[in-house]
Structures are given as structure tokens and as C-alpha cells.
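Take a look at the structure set out below.
None of the figures in this text is laboratory data; all of them are computed from the coordinates on show. Here the structure is a predicted model, which means the values were calculated and not measured. Note: ideal-geometry Cβ built from the backbone for every residue, glycine included; neighbour counts use all protein chains shown.
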């Protein structure tokens, strides 16, 4: 499982860098086309919006996968004895996995299904909106995988650093 974790993290990290690079190029092109050429491109604003959605949602899954990477208030947690702290961390991972399942996989999957069924198409890029929203259940599955990974790690930890 650790090998899969490392490969998945590296892939997501590379994919986020690509999306961010495309977002930067898109915004630069928007500025150049508007102020240098004098005619704004029609697709740039929509692409920037969709890229930002993917960056945000996939970035949240990526941060969840990092060791102690997600934003948390752990002052009280760090004051607990190791055994109680590990138990609380397991509970947190279970809650995060449940949230990801209910909200992101079930809710996000329903959003993708509905937009694809209704045939909603983006106006400028002319792509199905279901493809744009597909990142929500994908990220939900990643969060569940990372939660399971971290949950299992709490049983194997030997250091007092978590």
C-alpha cells in the first residue's frame, strides 16, 4: 500500500503542476490578447475557472494525502498521551473518509451524472460540464484512499511524532 501511496502522490503532484502551468499560460494569453492584440479570447475565462476548480478540489485531496499536510488545529491533540492521540487520529480519518464518501463520491457522482444526463455543455469550450465536475468524486476516492492509508499507519507507528 505504501508503494501505491507514493506513486499516487507523485502522479497527483505532477498533474497539479501541469494544471497550474496551463492556468498561468491561459491567464497570460488572456492579458496579451486583450491588451496587446486588442481582442479578448472567448475561452480563457472559462478555462481559468475550470482549471481553478480542478486545482482546488484535487489539491485538497493531495494535501490530505501528505504527512501532517492538511490544515488542522492540533494543539490539544498534541498534548494527549500517544495512545489517546493515535485513537483520536483514527477517528478523524474515519470522519474524513465518511465525509468524502457521502459528499464527494455520492453527491459529486450525482452532480456528474445529472449534468451528463441533461447534456449540459460549457458555452466557450463546448465540453460536457460533467467532465469538469468529475474531479469531485475522483478526489473523494483519493481522500478515502489516503484516509485508509493514514488510518493503517496509526497502527504501525512506533515514533511519538504523530
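Taking the longest Cα principal axis of the chain as reference, the axis of helix 135-156 is set at about 20 degrees. Ordering 46, 13 by the number of other Cβ atoms within 10 Å of each residue's own Cβ, fewest first, gives 13, 46. Starting from one equal scatterer on each C-alpha and no solvent at all, send me the Debye-based log10 I(q)/I(0) for the stretch 2-156 at q = 0.09, 0.12 Å⁻¹, two decimals. The calculated log intensity ratios at q = 0.09, 0.12 Å⁻¹ are -0.40, -0.65. Sequence-distant contacts, meaning Cα pairs under 8 Å at least 6 residues apart, place the relative contact order of the stretch 2-131 at 19 percent. For the chain, the longest principal axis of the Cα atoms and the long axis of helix 82-99 meet at an angle of about 30 degrees.
Helix 2-31 and the long axis of the chain differ in direction by around 30°, with both axes built from C-alpha atoms.
Look at where the Cα atoms of the stretch 73-110 and of the stretch 39-70 average out, and the two centres are 23 Å apart.
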